[in-house]
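Undergrad: This is the structure I have questions about; it appears just below.
The values are calculated or read from the model by the stated rules, or taken from the named source; none is laboratory data. Model, not experiment: these values are computed from the prediction. Every residue, glycine as well, gets a Cβ built from its backbone with ideal geometry; the counts of neighbours run over all protein chains shown.
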Amino acid sequence: MEIADIYLKFKSTSGICTDTRKLKQDCFYFALKGDNFDGNKFVSKAFNGGAKYCVVDDKTSVINDQCVLVEDVLTTLQTLASYHRKAINIPIIALTGSNGKTTTKELIYAVLNTTYNIKATIGNLNNHIGVPLTLLRFTEDLDFGIVEMGANHQKEIAFLSDIAQPNYGLITNFGKAHLEGFGSIEGVIKGKAELYDFIKSHDETIFVNRDDQKQIEQVAEYEKLITFGNDVANDCVVSFVDANPNVTLTYKSVQINSKLIGSYNYANIAVAIAIGQHFNISVENIKQGIENYVPDNNRSEIIKKGSTKIILDAYNANPTSMLAALQNMKQLKADNKFLFLGDMFELGAEAEKEHQAIVDFAENNFENNIFLIGQNFGKTQTKRTTKRFTNFQDIKSEIASLALQNATVLIKGSRGMALERLLDLI
């Protein structure tokens with residue numbers, strides 16, 4: 001069946017579903033496959049749950065004339081998303097980066113949503129499946145669509161850009177993330193900059209942080225730039241004021257008090273302001289959007305338990321974001337600081353070196369109360385006062401013996417470490 005015919009079927013449904021546990025009435029079920037599941041086996045369940053059509057790539061799963069047999073379900077989903085994006089023809093803002101993608105996406109949404117009708121990537125559905133699903137949620141009546149793109153190897157951002165066809169692009173930063181897939185920081189830069197390559201080749205617009213030299217190098221001699229940063233030479237001037245612990249900045253002589261912690265979030269806020277300015281959103285609405293955004297889902301959350309203040313940043317971690325969190329913790333005006341640091345994943349051959357570098361920084365800047373959790377940190381060389389735990393269970397009794405009154409606690413680690421479990425122990 002041609003993609004145009006599949007698109008007509010899609011237009012008559014309530015939307016795409018890929019999980020029979022989350023079916024909606026009259027949805028279009030796509031029987032995706034993974035390492036441990038095959039959606040083709042759940043076609044009957046999909047129809048019983050309300051699906052109007054099912055796309056399958058196993059001919060034995062065709063049980064009625066409402067089934068659409070294709071060569072590959074995932075490829076069909078991606079092709080359908082690209083077809084839909086061209087059909088609705090709305091402005092798309094795409095972003096990627098090593099750190100802060102989801103927070104930045106949410107900030108941009110918070111600012112634009114004060115004035116415009118928009119939709120954005122839900123959560124971090126930012127890969128080869130999530131981006132198509134995001135695009136297929138967009139409708140032609142929207143003023144903007146915001147698409148977050150993630151990648152752990154080269155050519156992935158280029159592929160996602162071809163599907164999303166963005167009109168505006170931005171990269172939060174280049175950091176030491178997914179080194180196992182990218183190979184090196186140079187590989188990270190090349191892979192993430194594929195978004196800039198697409199934007200430049202299509203003569204579209206880039207929002208770029210002029211304070212980030214690595215990014216400026218990637219857009220040298222390109223003219224369709226909207227620059228932002230502290231310097232008055234920028235198209236959008238956003239002045240950093242403080243981060244103790246929340247980030248405060250000024251824009252057009254108006255102070256904006258965010259609910260985000262850490263100076264590393266300055267650039268994430270600044271680009272949201274720059275986008276708001278470019279699309280003629282009032283200063284009052286920009287301030288409202290930024291100040292009303294509350295981080296959640298273990299991303300730079302501040303949680304108070306009695307007299308203890310906890311900085312929970314356990315959604316993910318890599319050497320760049322871990323170092324930034326420690327630098328922020330160092331400058332905080334607080335006594336009785338505690339660090340609970342969990343392993344960083346997907347670093348490949350660099351894992352041992354990068355974990356040791358984090359330990360060295362922590363021990364050189366914090367006298368005590370350093371707790372390392374995980375097998376990678378367990379292999380590091382540490383001072384006698386630093387405590388290591390190869391797994392989460394081992395730290396439980398240790399926490400019970402700590403005096404955490406009037407303390408400031410940082411919890412930081414990769415998603416697989418699930419360090420938010422520490423909250424129940426503090």
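Undergrad: Provide a single number: the residues in the stretch 333-356 that are out of contact with any Leu (no Cβ under 9 Å at 6 or more places or on another chain) and crowded, with 18+ Cβ neighbours inside 10 Å.
TA: Of the residues in that region, 2 qualify.
Undergrad: Looking only at the stretch 279-288, which residues are in a helix (DSSP H, G or I) and either more than 23 Å from the chain's Cα centre (by Cα) or within 20 Å of Asp242 (Cβ to Cβ) (or both)? Lay out the reasoning, then the answer.
TA: In the first step, residues of the stretch 279-288 are kept if they are in a helix (DSSP H, G or I); the result is 283-288.
Once the filter is applied, which keeps residues that are in a helix (DSSP H, G or I) and either more than 23 Å from the chain's Cα centre (by Cα) or within 20 Å of Asp242 (Cβ to Cβ) (or both), the stretch 279-288 yields Val283, Glu284, Asn285, Ile286, Lys287.
Undergrad: In the stretch 179-193, is there at least one residue being among the polar types (S, T, N, Q) and within 19 Å of Val219 (Cβ to Cβ)?
TA: No; the residues of the stretch 179-193 include none that is among the polar types (S, T, N, Q) and within 19 Å of Val219 (Cβ to Cβ).
Undergrad: Exactly one of (1) under 19 Å from the mean Cα position of the chain (by Cα); (2) at positive phi is unmet by Ser253. Its number?
TA: It fails just one condition, (1).
Undergrad: Then there is this: Kindly indicate whether Tyr116 is in contact with a strand residue (DSSP E or B) (Cβ under 8 Å, 6 or more places away or on another chain), aromatic (Phe, Trp, Tyr) and assigned to a loop (DSSP other than H, G, I, E, B).
TA: yes
Undergrad: When the residues of the stretch 135-187 are filtered to those that are among the β-branched types (Val, Ile, Thr) and part of a loop (DSSP other than H, G, I, E, B), which remaining residue is surrounded by the most Cβ atoms within 10 Å (Cβ to Cβ)?
TA: Thr172
Undergrad: From the list Ile92, Ile63, exactly one residue is in contact (Cβ under 8 Å) with a residue 40 or more places away in the chain and more than 18 Å from Lys22 (Cα to Cα). Which is it?
TA: Every option except Ile92 fails the conditions.
Undergrad: Ok, one more. Looking at (1) touching a strand residue (DSSP E or B) at 6+ places or on another chain (Cβ under 6 Å); (2) of a type in the set (Ser, Thr, Tyr); (3) more than 25 Å from Gly175 (Cβ to Cβ), find the lone condition where Tyr83 falls short.
TA: It is condition (1) that Tyr83 fails.
Undergrad: In addition: Would you check if there is a residue in the stretch 48-70 being of a type in the set (Asp, Glu), closer than 23 Å to Thr134 by Cα and touching a strand residue (DSSP E or B) at 6+ places or on another chain (Cβ under 9 Å)?
TA: The answer is yes, given that some residue of the stretch 48-70 is of a type in the set (Asp, Glu), closer than 23 Å to Thr134 by Cα and touching a strand residue (DSSP E or B) at 6+ places or on another chain (Cβ under 9 Å).
Undergrad: A further question follows. Output the residue which, of all residues in the stretch 1-26 that are of a type outside the set (Ser, Thr, Tyr) and in contact with a helix residue (DSSP H, G or I) (Cβ under 8 Å, 6 or more places away or on another chain), is farthest from Ile129 (Cα to Cα).
TA: Just the residues of the stretch 1-26 that are of a type outside the set (Ser, Thr, Tyr), to begin with: 1-6, 8-11, 15-17, 19, 21-26.
So of that shortlist, the ones also in contact with a helix residue (DSSP H, G or I) (Cβ under 8 Å, 6 or more places away or on another chain) come out as 3-4, 6, 10, 16-17, 23.
Values: Ile3: 18, Ala4: 20, Ile6: 18, Phe10: 17, Ile16: 12, Cys17: 12, Leu23: 17 Å.
Among them, the one singled out is Ala4.
Undergrad: From the list Thr385, Thr320, pick out the single residue that is crowded, with 20+ Cβ neighbours inside 10 Å, modelled with pLDDT of 90 or more, over 21 Å from Arg421 (Cα atoms) and not assigned by TED's automatic domain parsing to the domain that holds Lys176.
TA: One residue alone meets the criteria, Thr320.
Undergrad: Quick check on the stretch 297-317: of everything there that is of a type in the set (Lys, Arg) and part of a strand (DSSP E or B), which residue is surrounded by the fewest Cβ atoms within 10 Å (Cβ to Cβ)?
TA: Lys304
Yes/no per residue for (1) in contact (Cβ under 8 Å) with a residue 24 or more places away in the chain; (2) small (Gly, Ala, Ser); (3) farther than 26 Å from Gln331 by Cβ; (4) outside any helix (DSSP H, G or I):
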{"residue": "Ala357", "(1), (2), (3), (4)": "yes, yes, no, no"}
{"residue": "Phe371", "(1), (2), (3), (4)": "yes, no, no, yes"}
{"residue": "Thr380", "(1), (2), (3), (4)": "yes, no, no, yes"}
{"residue": "Asp394", "(1), (2), (3), (4)": "no, no, yes, no"}
{"residue": "Ile411", "(1), (2), (3), (4)": "yes, no, no, yes"}
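Undergrad: Can I ask one more? Given the criterion in a strand (DSSP E or B), under 22 Å from Lys287 (Cβ atoms) and not acidic (Asp, Glu), identify the matching residue among Val232, Val208, Val247.
TA: Going through Val232, Val208, Val247 in turn, the sole match is Val247.
Undergrad: Taking the condition modelled with pLDDT under 95 and under 19 Å from Asp211 (Cβ atoms), does Ser300 pass?
TA: No.
Undergrad: How about the stretch 116-130: which of its residues are touching a helix residue (DSSP H, G or I) at 6+ places or on another chain (Cβ under 6 Å) and within 21 Å of Ile286 (Cα to Cα)?
TA: Ile118, Ala120, Thr121
Undergrad: Quick check: is even one residue across the stretch 268-278 under 29 Å from Leu422 (Cα atoms) and either β-branched (Val, Ile, Thr) or surrounded by 21 or more Cβ atoms within 10 Å (Cβ to Cβ) (or both)?
TA: Within the stretch 268-278, one or more residues are under 29 Å from Leu422 (Cα atoms) and either β-branched (Val, Ile, Thr) or surrounded by 21 or more Cβ atoms within 10 Å (Cβ to Cβ) (or both).
Undergrad: Something else now. Do we have any residue at all in the stretch 390-405 that's surrounded by fewer than 17 Cβ atoms within 10 Å (Cβ to Cβ) and closer than 22 Å to Gly175 by Cα?
TA: No: the stretch 390-405 contains no residue that is surrounded by fewer than 17 Cβ atoms within 10 Å (Cβ to Cβ) and closer than 22 Å to Gly175 by Cα.
Undergrad: Can you work out which of the residues in the stretch 235-244 that are in a strand (DSSP E or B) and in contact (Cβ under 8 Å) with a residue 40 or more places away in the chain is nearest to Asp335 (Cα to Cα)?
TA: Step by step, filter the stretch 235-244, then rank; the result is Ala243.
Undergrad: Thr102 versus (1) at pLDDT 95 or above; (2) among the β-branched types (Val, Ile, Thr); (3) crowded, with 21+ Cβ neighbours inside 10 Å: which is the lone unmet condition?
TA: (1)
Undergrad: Could you please let me know if Asn364 is under 20 Å from Asp313 (Cα atoms) and in the same structural domain as Ile311 (by TED's automatic domain parsing)? Step through it out loud before you land on a result.
TA: Details: under 20 Å from Asp313 (Cα atoms): no; in the same structural domain as Ile311 (by TED's automatic domain parsing): yes.
Considered against the rule, which asks whether it is under 20 Å from Asp313 (Cα atoms) and in the same structural domain as Ile311 (by TED's automatic domain parsing), Asn364 comes out as no.
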